[in-house]
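Working notes for the structure below.
The values are calculated or read from the model by the stated rules, or taken from the named source; none is laboratory data. Computed from a predicted model, the values in this text were never measured in an experiment. Cβ atoms come from the backbone with ideal geometry, glycine included; neighbour counts cover every protein chain shown.
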Amino acid sequence: MWNEGCVLLMGCSAPFSLKAFLQMCNLPVRVVCRANAEYMSPSGKVPFIHVGNQVVSELGPIVQFVKAKGHSLSDGLDEVQKAEMKAYMELVNNMLLTAELYLQWCDDVTVEEITHPRYGSPYPWPLNRILAYQKQWEIRRKMKAIGWAGKSLEQVLEDVDQCCQALSQRLGTQPYFFNKQPTELDALVFGHLFTILTTQLTTDELSEKVKNYGNLTAFCRRIEQQYFEGHDKDNSGTAAPRSAKRSLLR
Amino acid sequence: MAAPMELSCWGGDWGLPSLHPESLTVMAYAKFSGAPLTVNTINNSWRTPKGDIPVLISEDIVISQPAKILNFLRKQKYNADYELSAKQGADTLAYIALLEEKLLPALLHTFWVEAENYCSVTKPWFASRIPFPLSLYLPGKMSREALNRILLTKGGPPLYSLSEVEAQIYRDAKECLNLLSKRLGTSQFFFGNTPTTLDAFVFGFLAPVYKVCFPRVQLQEHLKQLPNLCRFCDDILTCYFRLTISGHSPSGQDTADANLQKLTQLVNKESNLIEKMDDNLRKSPQHPPRKLTTLKLAAGGEESPLNRLSP
C-alpha cells in the first residue's frame, strides 16, 4: 500500500502533482497528513511516499522510483518530445514554483496574514514564530541568489502570466500536453495550477492570471474530474475534509 | 530606433567576443536581429549603474538583465522571433528555463568554483582586466556568489557534501547538453534556418564551455562528443562574429595568410626549443616547411597546444 505523507501548507503544490501522477499511473495511494512530515522525509522536503520499507521524497525521485517499478507515463514519447517535456517541467519549476514561494514568503502582506500563522500553527509559541522566521530567511536567501529578491510583485505576476501563456499556447486545444495520454508534465502543471486556483491569498491576482487562459482552467477541471472525483472515498478520514474543501467544480 | 544603443559587458578571449554567458547572449541576439549596438568592454562591474553586467544604455534608459534587454530590443523592432509560431515561442521559454536550471550551475562551477580552473584561468583573466585594487576583491566576490547560488539552489539534503552537489550538477548539465543536441538534430538553428532568441541563449551558454581552455574540462569534453552543438557554435562565430586569431575581419586569402604567418612563427619557436633540447632531432629530416604542411592539414587540432606555448 502506498502511503503519502504531506504537510498541507497553504500553496504547496507538490502533493497535488504527486497525487495526480500516481492516479494517472493507476497506483492506489492513501494520503496521510502529519505535522512533522518535513522531518520524516529523507530529504527534508514534502511530499514523500512510503512503500513497503522504502521511503522516497520529492517529485523527481518519486517519478524515477515509479519508473523503475515499471510504471511510466512518458514511454510513448520520442526523443525530441521527451526533451520538450523536460524543458517545460523546468519552466514550471523555474517560474511557477518560484513565484509561489515568492508570494508566500517575500510579499510582506501575505507573509504576515497567512503564511506565518499557517506555518507555525502546529507548534506552541515561541516555536511557531521562530520556525516561521527561519523558513522565511532561508527562502529569501535563495531568492536573492537567483535574482528574484529585487523583483516587485507586479514583475512576479508578469512572469507568471508569461509562463501561463506559454503553457496555454503549448496545450492549445489538446486534452493533454502530449495529445491523448497524460504525462508527468500534465501532473506537474495540474498540481501548480490547482494550488494557485484554489488557495486563498490576500489578493486574487495570481489566480486571475491563470483564469485568463480558458484552456488551462478547463485542463485542471478535466483532470480533477477524471482522477480525483471518484477517488475521494478511498482517502483516509484525516485527508478527506481538507481535499473536499478544495475543488474547482464548486 | 534611431537612438544609439550602447552595451557594456565583459571582454572576450579564445576567439569569443565575450567570456560572460549573459553578455554573449545579448551580443548574439543583437547580431541576429540586426540591432546596431556599440559594444564597450568594461573592466569594472561597479562602474555600471546597477552593478549588473551586461547593461544596455540607450539615451537615458538603463536596462540590465538579458531577458529585459532582449524585450527592449524587440520593442525597438529588432525582433529575431518574428517568424515563430506561438507554440515555438512557448518552446523558447521552456528551453531557456532548462538552460538556466540544468546547465548554468555547472557552467558557474567550471568557471568560478572548480579550484584549478578558477586559480589558473578565471581569476587571472578577470584580475588582469579589472584595475587595482578592485582586482583583488571582485573576482573573489564573483566566485563566492557563484558558489552561493549553486549551494542554495542545488545543495541541501539528500546531497550533503559539495562533491555530491558537484556530481549532481554535472550529471544534470550533461543530460541538458544531450537534450539540446537531440532537439537541434541536423538543422542549422533551433527553429529552422534563421537564428532566434533561443539560439542566442544556447550560444551564450555553450560557447564559453566550448572555447575556453581550462585544465579541468569534463563539460567541454562531453560537449565535444555532440558534433551538432559544436558545429552550431562555430557557425554562429564565423557567420555573425567573424573573429579570427588576428582579430581582423576576414577576407578569404588575407585571413589564411595571416593565420599561416602566425602559425609559422609559433612553429619556428617550438622547433627552436626542441633543437636546444635534443641534438638528434636536428639531424632528423623533419625541417620546418614539412612540419608546416602537416600543421596546415591539421590546423584545427594543432592550435590549442600552440596557443599554450605562445606568450
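Computed values, structure above
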read-out	value
Condition check for A:Asp186: among the acidic types (Asp, Glu), buried (at least 19 other Cβ atoms within 10 Å of the Cβ), within 12 Å of another protein chain (Cβ to nearest Cβ) and assigned to a helix (DSSP H, G or I)	no
Filter result for B:Pro105 (buried (at least 22 other Cβ atoms within 10 Å of the Cβ) and assigned to a helix (DSSP H, G or I))	yes
Criterion violated by A:Glu100 - all others in (1) within 14 Å of another protein chain (Cβ to nearest Cβ); (2) touching a Gly at 6+ places or on another chain (Cβ under 8 Å); (3) acidic (Asp, Glu) satisfied	(1)
From A:Arg170, A:Arg221, residue being in a helix (DSSP H, G or I) and out of contact with any helix residue (DSSP H, G or I) (no Cβ under 6 Å at 6 or more places or on another chain)	A:Arg221
Test result for B:Phe189, within 18 Å of the chain's Cα centre (by Cα) and buried (at least 22 other Cβ atoms within 10 Å of the Cβ)	no
Some residue of the range B:85-104 being away from chain A (no Cβ under 13 Å) and either among the hydrophobic types (A, V, I, L, M, F, W, C) or over 30 Å from B:Ser33 (Cβ atoms) (or both)	no
Test: A:Gly191 is modelled with pLDDT of 80 or more, within 22 Å of A:Val31 (Cβ to Cβ) and of a type in the set (Gly, Ala, Ser)	yes
Filter pass, B:Leu162 being touching a Cys at 6+ places or on another chain (Cβ under 8 Å), more than 14 Å from every other protein chain (Cβ to nearest Cβ) and either under 26 Å from B:Phe126 (Cα atoms) or of a type in the set (Asp, Glu) (or both)	no
Flag for A:Val55 being outside any helix (DSSP H, G or I) and not basic (Lys, Arg)	yes
Some residue of the range A:65-85 being modelled with pLDDT under 70 and touching a strand residue (DSSP E or B) at 6+ places or on another chain (Cβ under 8 Å)	no
Residues that are among the small types (Gly, Ala, Ser) and under 17 Å from B:Lys154 (Cα atoms), drawn from the range A:131-165	A:Ala145, A:Gly147
Top-ranked residue in the range A:45-73 [being among the small types (Gly, Ala, Ser) and over 16 Å from A:Leu18 (Cβ atoms); ranked as nearest to the other protein chains (Cβ to nearest Cβ)]	A:Ala68
Residue check, A:Met85 within 15 Å of the chain's Cα centre (by Cα), within 14 Å of another protein chain (Cβ to nearest Cβ), within 25 Å of A:Leu167 (Cβ to Cβ) and buried (at least 20 other Cβ atoms within 10 Å of the Cβ)	no
First in the range A:61-83 and basic (Lys, Arg), second anywhere and buried (at least 16 other Cβ atoms within 10 Å of the Cβ) and not in a helix (DSSP H, G or I), Cβ under 7 Å, 6 or more apart	A:Lys82/A:Ser74
Filter result (more than 10 Å from every other protein chain (Cβ to nearest Cβ) and polar (S, T, N, Q)) within the range A:156-177	A:Thr173, A:Gln174
From A:Arg129, A:Arg141, A:Arg118, residue being closer than 23 Å to B:Asp52 by Cβ and part of a helix (DSSP H, G or I)	A:Arg141
Residue within the range B:134-154 that is part of a helix (DSSP H, G or I), within 14 Å of another protein chain (Cβ to nearest Cβ), out of contact with any helix residue (DSSP H, G or I) (no Cβ under 6 Å at 6 or more places or on another chain) and at pLDDT below 85 present	yes
Selected residue (criterion: surrounded by the fewest Cβ atoms within 10 Å (Cβ to Cβ)) from residues of the range A:7-29 that are closer than 18 Å to A:Leu193 by Cβ and modelled with pLDDT under 65	A:Met10
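Residue-by-condition table, conditions (1) surrounded by fewer than 20 Cβ atoms within 10 Å (Cβ to Cβ); (2) part of a helix (DSSP H, G or I):
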| site | (1), (2) |
| --- | --- |
| B:Ile57 | yes, no |
| B:Leu70 | no, yes |
| B:Lys77 | yes, no |
| B:Tyr82 | yes, no |
| B:Tyr118 | no, yes |
| B:Ala127 | yes, yes |
